[in-house]
Amino acid sequence: RRRILCLGDSATFGVGLAAEETYPKQLERILNRSGETPWRVINAGIQGASVTELLEFMNRQGLAFEPESVVLGFSPTMVSGAGQSSSSPPSKETMAQRLRRAPLRVHVRLYSSYLYVLGDAALRRCLYRWGVIRDRMDHPRGALFAYAFDLPGIQKEEVEKAYEKMGEELSTLKNLLEEKRIPLVVLGIPSRFQISDSPQDNERGYDLAKIRIEPIDRAKGLCEKFGIPFADLRPALQGVRKRMLHRELPWDDLYIPADYAHLNRRGMEEASKELIIKMQ
């Protein structure tokens with residue numbers, strides 16, 4: 001079989017989805033419709049992974065798959081992890097920390113229930129709408145870091161350093177694969193509030209006028225600098241959303257409930273189509 005290896009974080013792994021609904025497996029089905037040599041598309045998405053950790057994975061295991069090409073699914077969350085490795089020793093957890101984490105572990109176990117997901121999403125939507133809960137905009141981890149919002153506590157210089165480091169990591173990954181004559185393609189996966197101006201796509205009420213860096217544009221620029229093909233998913237999702245808002249298509253969130261970072265099955269379908277176009 002001809003193999004493609006898909007690297008990435010939780011946006012590639014497919015949080016909240018069955019394995020067959022993720023873009024790697026949807027890409028595999030499209031490729032196998034040709035009836036020629038069968039394809040195997042391997043989902044190597046790792047939740048919370050940085051490009052540094054993906055480089056480690058490629059050196060330890062990834063190259064052993066002998067992929068014909070590699071796809072890196074870039075999401076804004078990866079910027080905050082630039083330069084961070086999984087090889088650092090874990091810190092000791094105190095009893096108080098373990099007790100505080102217990103409810104989170106219960107939540108994670110319950111998250112496998114679709115009924116729980118829908119109920120939890122409906123509750124959070126109401127709480128965001130009423131202003132009861134708000135996301136921390138200055139959190140050093142997560143997708144919001146990559147946007148360098150012009151707000152107190154957010155240092156644009158720190159975000160710029162993270163992008164610089166991520167650029168070095170992308171260059172290293174490309175060089176590693178070039179030694180094996182394996183082409184690299186980067187897929188840019190936008191946050192939900194980037195695909196339309198509709199309040200439905202910005203349920204959490206972020207002040208988008210304060211965005212100082214567009215992560216997909218910056219990642220695209222880095223890829224152009226290093227000669228890496230870049231598949232920008234924004235135009236496809238924006239086009240689909242526009243048709244939905246005009247009632248030309250049935251409404252679909254394109255992202256999993258109450259989430260702005262992880263695509264649902266329909267969103268993953270658009271990602272697989274975009275990759276087919278870029279890889280032809």
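The values are calculated or read from the model by the stated rules, or taken from the named source; none is laboratory data. Values in this document were obtained by computation on a predicted structure and should not be read as measured data. Note that we place each Cβ from the backbone using ideal geometry, even for glycine, and neighbour counts take in every protein chain shown. Just so you know, the surface numbers come from the protein's heavy atoms only, side chains and all, with ligands and any DNA or RNA stripped out. Shrake-Rupley method; radii C 1.70, N 1.55, O 1.52, S 1.80 Å.
Odds and ends about this structure:
- Surface per residue (accessible, 1.4 Å probe) for segment 216-280, Å²: 49 Å²
- Nearby aspartates and glutamates by direct alpha-carbon distance to K278 (threshold 13 angstrom, same-chain neighbours under 8 apart not counted): D232, E270
- With all protein chains in place and a 1.4 Å probe, the accessible surface of segment 1-80 carries 48 percent carbon and sulfur.
- Highest mean first, the peptides 212-218, 150-156 sorted by other C-beta atoms within 10 Å per residue fall in the order 212-218, 150-156.
- Carbon + sulfur, % of accessible area of segment 190-266 - ligands and nucleic acids excluded, 1.4 Å: 48 percent
- Gyration tensor (alpha-carbon) shape descriptor, segment 200-278, a/c threshold 1.5: oblate
- Shape of segment 155-211, Cα gyration tensor, a/c cut at 1.5: oblate
- Unsatisfied cross-links (Cα-Cα over 31 Å) in the set K174/K210; K25/K174; K25/K242: K174/K210
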